[in-house]
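Some notes on the structure that comes next.
Readers should treat all values here as calculations from the given coordinates under stated rules, not as data from a laboratory. Being a predicted model, the structure only gives us computed values, none of them experimental. We place every Cβ from the backbone using ideal geometry, glycine too, and count neighbours over all the protein chains shown.
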């Protein structure tokens with residue numbers, strides 16, 4: 001049976017590991033000085049050699065050679081390479097992640113090695129282990145027997161418990177540079193008598209994205225179809241991607257506003273059996289190449305592009321603005337995300353082509369962050385806080401019937417002769433129902449919100465009425481009655497209890513005895529001005545209610561109905 005190329009070329013010694021010199025240097029020095037740790041954590045993206053290096057380290061601690069370890073030729077090294085060494089236990093943590101598997105490990109570590117010097121446990125995909133199983137391994141991982149070593153390999157270390165991370169020597173595996181991948185693949189091709197071109201190596205290395213396993217898997221696929229020569233055209237055909245010229249022409253069609261030509265190009269290449277998701281990904285990578293080519297004079301070292309295509313790329317990059325490249329990348333990124341779960345990704349790509357051709361889909365402009373400023377600082381500077389400024393702007397945009405003009409505000413402090421209300425434009429019925437109303441002759445032209453603020457200014461015991469004030473709205477003022485709307489039942493109950501105090505304050509303002517009628521508001525909206533939340537009236541300290549509250553649910557109801565993030569409520573004992 002044929003063995004995959006990435007398994008045939010798996011490194012057997014530290015010298016054969018590519019792209020991880022920093023990890024190899026540390027481990028070789030520890031082996032040489034006999035200072036090997038008891039627990040390691042190998043982190044890194046897929047295909048960078050985590051499991052291979054773990055096996056090499058297991059060979060090194062069990063190698064019987066007197067020279068460089070591992071030697072790769074002793075019986076122990078050969079047995080570990082073949083996977084039949086009793087003292088090296090590889091565990092797939094993705095399928096053995098429960099508490100039972102952890103218990104088996106805890107029990108087996110008590111037995112000494114059968115044939116080797118040390119017993120090595122390699123836990124692949126360690127982030128899949130459940131927290132309960134991890135916790136059960138803490139003591140064993142921290143203080144294992146002298147002849148036991150743990151090696152945890154993971155692509156997602158942030159999912160591991162901090163208590164696990166602190167007990168392991170962490171080594172991060174980097175993505176392998178394209179240059180080292182290309183040199184390694186060229187060496188493999190030479191051993192097999194295949195002449196591979198530099199363009200083909202560039203394309204395979206670019207699609208591997210720093211993973212040696214991915215690079216060898218792609219190379220294995222291409223070698224299966226090649227005879228003695230492997231060039232870029234063959235790689236494009238075997239990998240199901242499109243040529244560089246296709247993306248150059250597709251980008252030209254889009255930037256020139258010709259969606260018909262772009263759609264026909266897409267249809268032609270899909271008829272050849274190309275994968276639409278791969279085309280989307282490669283097209284976004286091409287726009288990235290345009291971005292690099294626009295800012296770097298010689299992008300050959302950064303991009304896997306042949307010499308003949310560098311000039312074409314630079315010329316096209318000069319004709320496209322940075323904003324256009326940015327917009328295209330954002331549109332394609334969104335299309336790739338949606339196409340991942342769509343049964344018809346071709347339609348999404350066609351829509352992206354039309355969108356880019358029409359110049360639509362620009363990214364959202366960046367918003368400059370505003371400096372944080374406390375409410376007390378705003379009031380001390382003699383200006384209203386940001387919330388009040390927003391409220392004032394909202395009031396200024398409302399119909400004229402609901403606004404207090406500057407003339408009315410100026411005349412509020414003087415007695416006036418009653419005037420008949422001016423005719424106003426008709427408002428929608430729903431809007432009229434939700435707006436507070438009052439007779440201008442009764443209120444001397446004052447706005448209801450101004451009157452309601454005056455009521456609380458004339459109230460002595462404001463602390464006990466805080467809940468009533470914040471959860472109520474003056475809705476209507478009549479000859480001998482005023483109507484107050486409450487947003488919560490508990491606030492309305494408190495208002496009923498303090499009716500005498502509120503009626504007295506209102507009577508002093510209107511100039512005659514007034515009676516209060518309490519009603520439950522159908523809307524959650526409360527007309528609370530920002531001045532009601534000024535520091536001199538209500539601070540950031542906890543507001544204490546003198547009225548007893550029956551349960552914690554009442555308190556929660558108050559907080560939800562008021563929706564105040566910077567005031568904390570508590571029940572007074």
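In the range 178-239, the ratio of gyration radius to Kirkwood radius, Rg to Rh, stands at 0.90 when only Cα atoms are counted.
Remark: relative contact order (the range 80-230) = 19 percent; criterion is Cα-Cα distance under 8 angstrom and separation of 6 or more residues. Could you pull out which residues in the range 202-224 have an amide N less than 11 Å from a spot 7 Å beyond the Cα of residue 288, following the Cα-Cβ vector? Zone members listed by number: 206-210. Contact order, relative form, for the range 5-173: 31 percent (alpha carbon pairs under 8 Å, 6 or more residues apart, mean separation divided by residue count).
Of the peptides 145-155, 490-500, the ranking by mean beta-carbon count within 10 Å, highest at the top, reads 145-155, 490-500.
Applying 1/(1 + (r/R0)^6) with R0 = 56 Å to the Cβ-Cβ distance of residue 195 and residue 334 gives a FRET efficiency near 0.85. Rounded to the nearest 0.05, the FRET efficiency derived from the C-beta distance between residue 3 and residue 156 at R0 = 41 Å is 0.90. Specify the inter-centroid distance of the range 1-49 and the range 58-117, based on alpha-carbon positions, in whole Å. Spelled out, the Cα-based centre of one part sits 15 Å from the other.
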